[in-house]
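The values are calculated or read from the model by the stated rules, or taken from the named source; none is laboratory data. All values reported here derive from a predicted model rather than from experimental measurement. Note that each Cβ is placed from the backbone with ideal geometry, even for glycine, and that neighbours are counted across all protein chains shown. Surface accessibility is based on the protein's heavy atoms, side chains included, excluding ligands, DNA and RNA. Shrake-Rupley method; radii C 1.70, N 1.55, O 1.52, S 1.80 Å.
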Amino acid sequence: MRLSRRVLLSGALSTLAAPAVLGRGRARVAVVGGGAGGATVARHLAAGGAGALDVTLIEPNPVYHTCFFSNLHLGGLRPFESLAHRYDRLKAAGVTLVTDSAVAVDRAQRRLALAGGERLSWDRLVLSPGIDFVEGSVPGWTLAEAERMPHAYKAGLQTQRLRAQVDAMREGGTVCIVAPPNPYRCPPGPYERASMIAHRLSQVNPTAKILLLDPKESYSKQALFEEGWQAHYPNMIERLGPEMGGGAVEVRPDRMEVVIDGEAEAVDVCNVIPAQVAGRIAAAAGLVDDTGWVPIDPASMASLADPAVFVLGDAAAQGDMPKSASSASSQAKAVAMILLGQLAGAPVEPVRYANTCWSLIAPEDGVKVGGSYEPRPEKITSVDRFVSQTGENRATRLATWQQSLGWYAGITADMFG
């Protein structure tokens with residue numbers, strides 16, 4: 001939907017009930033977070049508004065590193081630089097980029113406070129802040145210990161640190177991965193990570209082991225991963241679920257030990273992926289509930305606490321949708337359409353959402369899971385689902401892997417222009 005300046009100025013802005021906006025002639029949309037949700041919605045709003053919207057994207061990092069596909073760097077299959085993306089084309093498309101962090105939201109006055117001291121006024125606010133970690137969810141681990149025991153669940157320096165630790169590990173050493181409880185970013189992520197680290201070790205340290213400690217009884221694509229581990233990395237990956245102590249884990253970063261059901265075990269590398277909640281700006285805005293996530297209207301992604309604030313991606317309580325880049329992108333395009341319609345006083349088609357989660361088990365062995373979703377009164381509801389099957393032939397898995405490469409190119413182009 002492309003909205004002309006004439007449409008926006010011919011009474012459409014009355015829906016905002018804000019005299020300053022009417023006098024100024026441009027509705028102000030502030031977007032917090034420049035990932036798959038935030039960058040996508042900002043670009044689509046700028047393009048669809050045809051210059052009649054003031055779209056500002058607030059993101060602290062001038063270069064964005066995608067968490068999706070970062071496991072492939074850990075596996076030695078993708079250079080770190082390939083994960084890096086700049087915002088230059090968004091600026092060229094009319095998005096105002098503010099390189100800073102949002103620290104407070106005044107919803108009554110519709111103002112956003114930034115760490116650098118700036119205050120931004122907005123008529124609609126879109127929050128796509130991703131995740132933050134629950135301190136203490138893994139006893140013995142805090143963010144201060146992330147240099148010795150990296151989480152690598154926000155891509156960038158943490159990704160590089162974990163890769164360096166794996167590469168420097170002694171021959172025959174042990175990599176420990178502590179998986180998080182539900183819900184968390186990218187449900188197949190820890191298991192693709194185990195696969196990719198196993199691939200790297202099979203090339204440079206084939207007698208090494210991976211110990212995967214998991215508080216969940218089951219996980220996304222479990223049968224596919226276990227089949228792949230047996231085929232590609234026999235006897236290298238050991239997963240302990242809650243029945244084997246995987247849910248009763250403590251870490252000792254100073255000793256490089258993990259404690260499983262009270263028994264200490266020395267490891268060489270420890271990747272701690274803690275429990276997660278919505279990015280902290282969502283709590284600062286007073287939008288999260290006691291789960292740590294933001295309840296939203298399934299039909300619009302608007303916060304239930306404030307219809308002028310929309311929450312995308314990982315931070316939202318998404319019903320049946322997983323927390324993934326694909327989900328965030330789908331939600332972002334729906335919210336852009338809704339906002340353009342609201343600000344123009346135009347009707348908007350009912351939204352539908354979609355998701356695909358890709359995982360690489362080994363080179364040319366890709367699997368996927370996904371589906372389509374509709375808003376229902378109580379939640380976003382799955383209406384169709386697909387998943388790769390065990391026993392698929394090599395050509396099918398190769399085709400899935402090639403599709404995932406096309407998806408990465410497509411989603412990053414949609415995010416950054």
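Could you order 132, 384 by accessible surface area, starting with the largest, using a probe radius of 1.4 Å?
384, 132
How high is the relative contact order of segment 218-322, in percent, counting Cα pairs under 8 Å that sit 6 or more residues apart?
That works out to 13 percent.
Where the accessible area of segment 35-135 is counted over protein heavy atoms with a 1.4 Å probe, how much of it, in %, is carbon and sulfur?
On segment 35-135, the fraction of accessible area on carbon and sulfur atoms equals 45 percent.
Compute, for residue 204, the solvent-accessible surface of its heavy atoms (probe 1.4 Å) with the complete set of protein chains present, and express it in square angstrom to the nearest 10.
Looks like 80 Å² after rounding.
Please say if segment 329-415 is rounded, prolate or oblate, where rounded means a/c under 1.5 for a ≥ b ≥ c the square roots of the C-alpha gyration tensor eigenvalues, and otherwise the choice is prolate for a/b larger than b/c and oblate otherwise?
In terms of gyration-tensor shape, oblate.
Among all the lysines, which ones have a C-alpha under 21 Å from residue 323's C-alpha, if same-chain residues fewer than 8 places away are not counted?
154, 216, 221, 333, 368, 379
State, to one decimal in nm, how far the label point of residue 157 lies from the label point of residue 398, with both points 7 Å from Cα in the Cβ direction.
About 4.2 nm separates the two model spin labels.
For segment 35-121, what relative contact order do you get, as a whole percent, if you take Cα pairs closer than 8 Å and at least 6 residues apart?
Over segment 35-121, the number comes to 28 percent.
Starting from the residue with the highest accessible area, list 145, 364 in decreasing order, probe 1.4 Å.
My answer, sorted largest first, is 364, 145.
Counting each DSSP H run of 4 or more residues in the chain as -39500 (n - 2.57), what helix-only mean residue ellipticity at 222 nm follows after dividing by all residues, to the nearest 500 deg cm²/dmol?
Here the helix-only value at 222 nm equals -8500 deg cm²/dmol.
Quick one: helix 157-168 against the long Cα principal axis of the chain, what's the angle to the nearest 10°, folded into 0 to 90?
Relative to the chain, helix 157-168 is tipped by roughly 10 degrees.
For the Cα atoms of the chain, what angle does the longest principal axis make with the long axis of helix 394-416, in degrees from 0 to 90, nearest 10?
Roughly 40 degrees, rounded to the nearest 10.
For a label point 7 Å from the Cα of residue 103 along Cα→C-beta, name the residues of segment 279-323 whose backbone N is under 20 Å from it.
So the set is 279-287.
How about segment 127-183: which trypsin sites (Lys or Arg not before Pro) there are in a DSSP loop, with at most 14 other Cβ atoms within 10 Å of their Cβ?
Those that pass, being in a loop and sparsely packed, are 170.
Across bins of 5 angstrom width beginning at 0, how are the C-alpha pair distances of segment 56-165 distributed, in whole percent?
Using 5 Å bins, I get a P(r) of 2, 10, 16, 16, 18, 16, 12, 7, 3, 0 for segment 56-165.
Rank 93, 108, 179 by mean-square fluctuation in a GNM of the chain with C-alpha springs under 10 angstrom and give only the top-ranked residue.
For the chain, modelled as a Gaussian network with Cα springs under 10 Å, the answer is 108.
Expressed as a whole number of Å, what is the distance separating the alpha-carbon centroids of segment 155-174 and segment 342-384?
34
For segment 179-210 and segment 47-88, what is the centre-to-centre distance using only Cα atoms, to the nearest Å?
23
Probe 1.4 Å, all protein chains in place: accessible area of residue 85 in Å², nearest 10?
30
For segment 350-396, with all protein chains present and a 1.4 Å probe, just round the carbon and sulfur fraction of the accessible area to a whole percent.
Reported share for carbon and sulfur atoms: 48 percent.
Rounded, prolate or oblate, given the Cα gyration tensor of segment 174-332, with a/c below 1.5 counting as rounded?
Prolate, because a/c is 1.5 or more and a/b exceeds b/c.
Rounded to the nearest 5, what % of the DSSP beta bridges within the chain are antiparallel ones?
Expressed as a percentage, antiparallel bridges in the chain total about 55.
Roll a 1.4 Å probe over the protein chains and send me the accessible area per residue for the chain in Å².
40
Just need the relative contact order of the chain here, percent rounded to a whole number, with Cα pairs under 8 Å and 6+ apart.
RCO, the chain: 19 percent.
Roughly how tilted is helix 222-232, in degrees to the nearest 10 and between 0 and 90, from the longest Cα axis of the chain?
For 222-232 against the chain, the angle is about 50 degrees.
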